[in-house]
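Peer 1: Okay, here's the structure, questions in a sec.
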Amino acid sequence: MRTLELRRHARRDPTADRLSPEGRAQAQALGAALTGGYAMVFISPAQRVAETVAWILRGLGEQLPAHAVIPGLSGADNDGSPLAMAGVVTALLDAVPEDGRGLAVSHTPLIERAVLGLTAREIELLGECEGVLLTKEHDDAPVEVQELRLS
């Protein structure tokens with residue numbers, strides 16, 4: 001079994017591609033509440049996404065594991081359609097080691113489009129740091145999607 005936690009970045013600074021002070025605190029608090037133990041981390045090219053991961057890991061008290069910048073998480077190398085985004089996240093899920101967990105941080109509405117492409121069902125827009133948990137029991141199994149909403 002493989003799992004991939006796919007989350008939206010934390011609150012951004014409205015004037016630049018970086019997190020606001022509230023966003024840094026938000027990501028660190030999320031990290032403190034998570035289980036951690038990620039085998040892989042994937043991020044879009046946006047600085048605010050890299051900062052979100054850094055603050056989540058700081059909250060977890062963990063170092064950065066194997067990682068990659070994935071342009072497709074920002075729709076940069078595809079058309080951002082539901083099927084294109086589903087393909088991006090399925091490839092990332094398949095890159096997570098067997099029995100491993102991965103973390104990917106991206107953007108709204110791209111995450112919601114990926115869910116639509118995977119399940120043919122729409123979800124409401126995600127708030128900052130919210131996301132979905134993608135699970136695949138084995139290589140031929142469909143991807144299961146569970147929403148990760150914050151209170």
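The values are calculated or read from the model by the stated rules, or taken from the named source; none is laboratory data. The shown structure was predicted, so the numbers you read here are calculated from the model rather than taken from an experiment. Every residue, glycine among them, receives a Cβ derived from its backbone with ideal geometry; neighbour counts consider all protein chains shown. Heads up: the accessible areas ignore ligands, DNA and RNA and are worked out on the full protein's heavy atoms, side chains in. Shrake-Rupley method; radii C 1.70, N 1.55, O 1.52, S 1.80 Å.
Peer 1: Based on the alpha-carbon gyration tensor of the stretch 69-150, what equivalent-ellipsoid semi-axes (square roots of 5 times the eigenvalues) come out, in whole Å, largest first?
Peer 2: On the way: eigenvalues 64, 44, 34 Å².
Equivalent-ellipsoid dimensions as semi-axes: 18, 15, 13 Å.
Peer 1: Show me the GluC sites (Glu not before Pro) within the stretch 51-105 that DSSP assigns to loop and that have at most 16 other Cβ atoms within 10 Å of their Cβ. Can you show the working numbers first?
Peer 2: Values: sites: GLU51, GLU62, GLU98; in loops: GLU62, GLU98.
Passing both the DSSP loop test and the Cβ count: GLU62, GLU98.
Peer 1: Could you let me know the centre-to-centre spacing of the stretch 86-128 and the stretch 2-28, using Cα atoms, in angstrom?
Peer 2: If we compute the Cα centre of each part, the gap is 16 Å.
Peer 1: In the stretch 1-74, what trypsin sites (Lys or Arg not before Pro) fall in a loop by DSSP, with at most 16 other Cβ atoms inside 10 Å? Walk me through the numbers on the way to the answer.
Peer 2: On the way: sites: ARG2, ARG7, ARG8, ARG11, ARG12, ARG18, ARG24, ARG48, ARG58; in loops: ARG11, ARG18.
Within the stretch 1-74, the qualifying trypsin sites (Lys or Arg not before Pro) (loop, at most 16 other Cβ atoms within 10 Å) are ARG18.
Peer 1: Please work out the average accessible area per residue across the chain, using the 1.4 Å probe convention, and give it in Å². Walk me through the numbers before you get to the answer.
Peer 2: Details: 7150 Å² over 151 residues.
It amounts to 47 Å² per residue over the chain.
Peer 1: Just to make sure I understand: if all protein chains stay in place, what is the order of MET1, MET85 by accessible area at 1.4 Å, largest first? Working shown, then result.
Peer 2: Working: MET1 80, MET85 5 Å².
The residues order as MET1, MET85, largest area first.
Peer 1: Would you kindly find the accessible area of HIS107, with a 1.4 Å probe and non-protein molecules such as ligands, DNA and RNA excluded, rounding to the nearest 10 Å²?
Peer 2: Roll a 1.4 Å probe over it and HIS107 shows about 20 Å².
Peer 1: Could you work out the local net charge near ALA141, counting Lys and Arg as +1, Asp and Glu as -1, over the other residues with Cβ closer than 12 Å to its Cβ?
Peer 2: Working: positive: ARG2, LYS136; negative: ASP94, GLU137, ASP139, ASP140, GLU144.
In short, -3.
Peer 1: Summarise the accessible area of the chain (1.4 Å probe, protein heavy atoms) by the percent that is carbon and sulfur.
Peer 2: 52 percent
Peer 1: Using each residue's phi in the stretch 65-81, evaluate 6.51 cos²θ - 1.76 cosθ + 1.60 at θ = phi - 60° and report the 3J(HN,Hα) Karplus result to the nearest Hz, with x for Gly and Pro.
Peer 2: For the stretch 65-81, the Karplus curve yields x, 3, 8, 8, 8, 10, x, x, 5, 10, x, 5, 10, 8, 8, x, 6 Hz.
Peer 1: At a probe radius of 1.4 Å, what is the per-residue accessible area of LEU125, in Å² to the nearest 10?
Peer 2: Rounded to the nearest 10, that gives 120 Å².
Peer 1: Under unit Cβ charges (Lys, Arg +1; Asp, Glu -1), what dipole magnitude, rounded to 20 debye, does the stretch 2-151 have relative to its Cα centre?
Peer 2: 520 debye
Peer 1: Given 0.36 nm per residue, what is the gain on full extension from VAL69 to GLU122 after removing their alpha carbon distance, in nm? Intermediate results must be reported in sequence, preceding the final value.
Peer 2: Values: separation 53, 0.36 × 53 = 19.08 nm, distance 2.64 nm.
The VAL69-GLU122 span can extend by a further 16.4 nm.
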